[in-house]
Amino acid sequence: MNLLVEGAAEAPQPLLAITQGDPAGIGPEIVARAFRDAPCDLRGCFVAGDVETLRRAARCIARPGEPSLPVAVLASPAEARTAPPRCLPVLPLPGLPGPVPFGAVSAEAGRAAADCVVWAARAALRGEVDGLVTAPLHKEALAAAGVDYPGHTELLQAEAARHAGVPVAGMPVRMMLASDELRTVLVSIHVSLRDAIAAVTPDNVLRTLEITHEALRRSLGRAPRIGVAGLNPHAGEGGLFGHEETESIAPAIAAARARGIDAHGPFAPDTVFMRARSTPQRAGEFDVVLAMYHDQGLIPVKYLGVDKGVNVTLGLPLVRASPDHGTAFDIAGRGTADASSLIEAVRMARRLARA
């Protein structure tokens, strides 16, 4: 993945905390599989979670006739740098439940997943780790646990705002989904479609363009070329199918361009993602597409390969990446879940931390 240029080979590996995710889902087993199958990629990483949950995950993925991956219990994050090879290093967090039933939404599992994320975020904000990679959590389980935030992005935003002593609104963040072929950034995230349409305002679109420009300028080493999707079919067709393009999106693009941001559009949303897609045969026209709502931006990247995409939170004072899939309750515990997207997320977080 070419979001960033790799750092010097002799540089020490960033210290990354990987949260276990919802213990009823595939999070723990894809974490265990990643440590087993990609040990070089996982150097300098450890899991923040429950030891017995991770031991169960290691047993789930064990090959017939082979012992399960041993768990190394850490006393501090720094011990991950000297953990034995071919093991699953776990930093036990207090108060977490042990293994819970697979595939079931529960407040207990939701609280465990949230507690791991909060611990990792605070450790990163204190400088104890260089970044975090979050395994999937379940939004219904979060709600059942009484967590006030619908997902990772909002939970991390709240922690960062609390650490900085500012209101949550003063810590604007955006979600980017990235693969080798396509990057998309979202104006709104986990809200209803009705609320997502209402969020298409000149201020929100301009702020998203600013956050996207700044984040990719640092990572690419140059100003990114940003394509902006319209909200309506045919980008509104000059007002025939809606006025958001003329009243909100186009004015935001003009304001962004006046500030030196290389933004273009709004373009018809059914073609702009194809125009931005980069392949070995053809470079994309844009480095990233600004999408107006969650599914508009995520479907194209996931269609190109769920195992390739990485979720990155832009605008935070910490590094966070995540696989682009969910908890997959239907296959949890079978040991068949693919860890490719998690491994890509670790690689991404490492590059971001080095930058």
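Test PRO300 against the stated conditions and say whether it is modelled with pLDDT under 95, under 23 Å from ALA57 (Cα atoms) and crowded, with 21+ Cβ neighbours inside 10 Å.
Answer is no for this residue.
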Meets criteria (more than 23 Å from LEU155 (Cα to Cα), modelled with pLDDT under 95 and not in a loop (DSSP other than H, G, I, E, B)) for SER248: no
Entirely in segment 1-116, the strands (runs of 3 or more DSSP E) that have 1 or more residues that are open to solvent by less than 70 Å² (accessible area, probe 1.4 Å) and either among the charged types (D, E, K, R) or touching a Phe, Trp or Tyr at 6+ places or on another chain (Cβ under 8 Å) (or both): 16-19, 45-49, 88-92
Residue that is open to solvent by 30 Å² or more (accessible area, probe 1.4 Å), more than 15 Å from the chain's Cα centre (by Cα) and of a type in the set (D, E, K, R), where the choices are ASP330, ASP307: ASP330
Every residue from segment 338-355 that is basic (Lys, Arg) and closer than 15 Å to ILE18 by Cα: ARG347, ARG350
Hits in segment 286-306 - residues which are under 27 Å from SER340 (Cβ atoms) and not in a helix (DSSP H, G or I): PHE286, ASP287, VAL288, VAL289, LEU290, ALA291, TYR293, LEU304, GLY305, VAL306
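Could you tell me which residue of segment 336-355 is farthest from ILE61 (Cα to Cα), considering only residues that are part of a loop (DSSP other than H, G, I, E, B) and open to solvent by less than 10 Å² (accessible area, probe 1.4 Å)?
The selected residue is ALA339.
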The listed residue being in contact with a Pro (Cβ under 9 Å, 6 or more places away or on another chain), modelled with pLDDT under 95 and either farther than 27 Å from MET348 by Cβ or among the aromatic types (Phe, Trp, Tyr) (or both), out of GLY44, GLY65, GLY98: GLY98
Tally, over segment 221-252, of residues that are open to solvent by less than 20 Å² (accessible area, probe 1.4 Å) and of a type in the set (Asp, Glu): 1
Residue, surrounded by the most Cβ atoms within 10 Å (Cβ to Cβ), within segment 142-200, restricted to residues that are in contact with a strand residue (DSSP E or B) (Cβ under 6 Å, 6 or more places away or on another chain) and of a type in the set (Lys, Arg): ARG183
Matching residues, segment 201-214, being open to solvent by less than 20 Å² (accessible area, probe 1.4 Å) and either touching a Ser or Thr at 6+ places or on another chain (Cβ under 7 Å) or over 19 Å from HIS294 (Cα atoms) (or both): VAL205
Of all residues in segment 260-285 being outside any strand (DSSP E or B) and hydrophobic (A, V, I, L, M, F, W, C), the one that is farthest from VAL200 (Cα to Cα): ALA283
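The values are calculated or read from the model by the stated rules, or taken from the named source; none is laboratory data. Just so we're clear, the structure is a prediction, and the values are computed from it rather than from any experiment. Please note: Cβ atoms are built from the backbone with ideal geometry, for glycine as well, and neighbour counts cover all protein chains shown. Side chains included, ligands, DNA and RNA excluded: accessible areas come from the protein's heavy atoms. Shrake-Rupley method; radii C 1.70, N 1.55, O 1.52, S 1.80 Å.
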